[in-house]
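Asker: One structure, pasted below without further comment.
The values are calculated or read from the model by the stated rules, or taken from the named source; none is laboratory data. Computed from a predicted model, the values in this text were never measured in an experiment. Neighbour counts run over all protein chains shown; Cβ positions are idealised from the backbone, glycine included.
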Amino acid sequence: MSLHVVFLGTAGSIPTPKRSLPAVAIQRKGELLLLDCGEGTQRQMVQAKIGFHRKTKVFITHMHGDHVLGLPGLLQTMSLMDREKKLEIYGPLGIEAFVEAMKQTVQFTLTFPTEVFKIENGGKVCGEKEYEVHAVLADHVIPSLAYAFIEKPRAGKFYPEKAKILGVPEGPLWSRLQHGYAVELPNGRTVKPEEMVGPKRIGRKIVYTGDTRPSKSLVEFALNADLLIHDATFDDDLEERAREDGHSTPSQAATVAKEAKAKRLVLTHISARYEDSGILLEQAKKVFPFVHVAEDFMKIDIPLSF
């Protein structure tokens, strides 16, 4: 089952010729989860060939303009494309008023329903059959959230040779065993799933911090993440500036990834001062080797664990 992460916007605060404002897309099956929605996100989606008609959820980290001002344009474009599916929007205090003000003042008619969810203290904020989205408070200069996309565990590996030895006929009984149900054979014997199915396999986990200082709570939140996407607005020499503005440096982001035992780290929300982001990568790699600096339209595949 494919799971892709597409970086639509990787700049911090203001766009540059090479970087649009913050937006990250998670594509899974026929669904899109959009993390933040900076100005011009819909244009980036067109460039990345991400459709406007699929099931979509938008998760806003905080109410600074570079993370939320793309919503009006996104909704208008979706309407012009005759979208009909409901759009779910999640965010901190203020998101409801923002969406309502947009509907009342911007002169276009939505062709689809919207549902807005206000998040105050984190925890599980969205639950679907195969995954959940959790939130935790980040450490920024205004109330801000970090999000974790977490797949639910999958059924364990099924061993057909064991099923044949035990006389379980191929077909529906195999499926029931793989999904954790005992079955009764024609001879009256009961076969339990643990006799031929391995332990459940952990799902994939993607964590997006939004704008934040490094924190222990984020380390715990990102524990064992397959991919950690972390704020790295300023280089290590500007650590004091980063602290004052509620951001992180590459070494700080890398330390969070290392302590969280993340598999991969991507640095984003890059200040316009870094036309060449090589210094950011160099500083992070001294702490955590499995790191990249995000670029607009960079795509990462997150494989299943078998």
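Asker: Determine whether ILE26 is of a type in the set (Val, Ile, Thr), within 29 Å of LYS216 (Cβ to Cβ) and either modelled with pLDDT of 95 or more or outside any helix (DSSP H, G or I) (or both).
Answerer: Taking the combined requirement at face value, the residue satisfies it.
Asker: Can I ask one more? Restricting to the range 148-181, what's the tally of residues that are under 30 Å from VAL125 (Cβ atoms), crowded, with 17+ Cβ neighbours inside 10 Å and either in contact with a helix residue (DSSP H, G or I) (Cβ under 9 Å, 6 or more places away or on another chain) or of a type in the set (S, T, N, Q) (or both)?
Answerer: 2
Asker: Yes or no: THR56 touching a residue at least 60 places away in the same chain (Cβ under 8 Å) and of a type in the set (Val, Ile, Thr)?
Answerer: So THR56 fails the test.
Asker: Determine whether the range 103-116 contains at least one residue that is modelled with pLDDT under 90, at positive phi and surrounded by fewer than 17 Cβ atoms within 10 Å (Cβ to Cβ).
Answerer: Among the residues of the range 103-116, not one is modelled with pLDDT under 90, at positive phi and surrounded by fewer than 17 Cβ atoms within 10 Å (Cβ to Cβ), which makes the answer no.
Asker: Next question, about the same structure. Taking the condition of being surrounded by fewer than 24 Cβ atoms within 10 Å (Cβ to Cβ) and at positive phi, how many residues in the range 24-45 meet it?
Answerer: Residues meeting the conditions: 2.
Asker: Now a separate question. Has the range 68-87 got any residue that is hydrophobic (A, V, I, L, M, F, W, C), at pLDDT 95 or above, under 18 Å from the mean Cα position of the chain (by Cα) and closer than 23 Å to ILE142 by Cα?
Answerer: There is at least one residue in the range 68-87 that is hydrophobic (A, V, I, L, M, F, W, C), at pLDDT 95 or above, under 18 Å from the mean Cα position of the chain (by Cα) and closer than 23 Å to ILE142 by Cα.
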